[in-house]
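Okay, structure first, notes after.
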Amino acid sequence: MSKGPKTLRHYLQFSDFSAEEYGYLFERAALIKRKFKAYEKHHSLVDRTLAMIFEKASTRTRVSFEAGMYQLGGSVVHLTTGDSQLGRAEPIEDSAKVISRMVDLVMIRTYEQTKIERFATHSRVPVINGLTNEFHPCQILADIFTYIEHRGDIRGKTVAWVGDGNNMANTWLQAAELLGFTVHVSTPRGYEVDQDVAGIRSSESYKIFSDPHEACAGADLVTTDVWTSMGFEAENEARKKAFADWCVDAPMMAMAKPDALFMHCLPAHRGEEVEAEVIDGPQSVVWDEAENRMHVQKALMEYLLLGKL
Ligand code: CP
Ligand code: NVA
């Protein structure tokens, strides 16, 4: 285990950090991004190793963590359920004990949040949530960083969530409560957000709308996600019917503020949750959003291992 903060910290959900810590991370990510763009070396994690465990598919999370760790001077080990003993029923607790004796950081993409929590309980090193059924904190970290880059402070602003009450929606709710903005949530019936699952204390930072157009009214940011998340593929046909009116299109964007941004964590399905004219249009910042995963995660990994620098 590397030298660093005395207390072991994990990043399993957005609420694991304070607003003050997010302030530091956003500034640090901006510095790291500037240096990267200027081809300046930023080797803060030389000789450190990140294990990445994927139990679900990924493009952005894999590439951003892997490229990011190399750029920090470290290295990575990539594991999947199919090519490790995780897929052959080795207990998660045993895997955590073994893997965390050999690496300095672990990033996991898996199903239930309880699984990553069990891993973290038995890990000697920081564990990062790379997406679970319940949360996707690294994505919201990147999304808010992207919002700040384009529009400044998100405090007091309104984010419209159109679509499934899923891992992304839950994480937006946590971020709103912590950072002081409001989320307008519109989901089809049967796919609502659940305050207990989202792990927020009160309903003050979000409002529910049955009509997605109403949710977008006056919003500073409109965002959506796939109708069927990984692990829920069996529900695909039923979801296609239920979500038909939850497609972000030009009339929906027209309800938002004229300078509203559009975000999507990707991968996207044009013609389902978003029309091509929106995701490929002038208000969309989805490519910045994807790139920023790497910059914010570099700041996150550094912070978990070295603290504030
Ligand atoms: N947004 C996101 O997490 O993408 P991947 O599934 O490609 O990692
Ligand atoms: N909600 C989606 C996000 C993918 C990055 C999923 O869990 O599949």
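Please treat every number below as a calculation from the coordinates, not as lab data. All values derive from a computational prediction rather than experimental measurement. Reconstructed Cβ throughout: ideal geometry from the backbone, glycine too, with neighbour counts over all protein chains shown.
In this calculation the C-beta distance from Leu266 to Lys37 is compared with R0 = 30 Å, giving a FRET efficiency of 0.90. Distance distribution P(r), the chain, all Cα-Cα pairs, bin width 20 angstrom from 0: 34, 58, 8 percent. Dividing the convex hull volume of the alpha carbon atoms of the range 73-212 by its residue count gives 142 Å³ per residue. Considering only alpha-carbon pairs that sit under 8 angstrom and 6 or more positions apart, the relative contact order computed for the range 188-309 is 24 percent. Structure note, pairs Lys41/Lys298; Lys157/Lys257; Lys33/Lys298; Lys56/Lys97; Lys6/Lys33: Cα-Cα distances above 18 angstrom occur for Lys56/Lys97; Lys6/Lys33. Normalised by the number of residues in the range 3-94, the average gap of Cα pairs under 8 Å and 6 or more apart makes the relative contact order 24 percent. Spatial offset of the range 129-172 relative to the range 93-124 amounts to 24 Å, using the alpha carbon center of each.
Which distance in Å, rounded to a whole number, links the C-alpha centroids of the range 25-42 and the range 263-309? What the calculation gives is 16 Å, centre to centre. Both radii were evaluated on the Cα set of the range 1-130; the Rg over Rh quotient, with Rh as the Kirkwood radius, amounts to 0.96. Sorting 183-190, 206-213 by their mean Cβ neighbour count within 10 Å, with the most densely packed peptide first, gives 183-190, 206-213.
Seen against the Cα atoms of the chain and their longest principal axis, helix 19-37 is set at about 80 degrees.
Taken along the Cα-to-beta-carbon direction at a fixed 7 Å, the label points for Lys6 and Ala217 span 5.4 nm.
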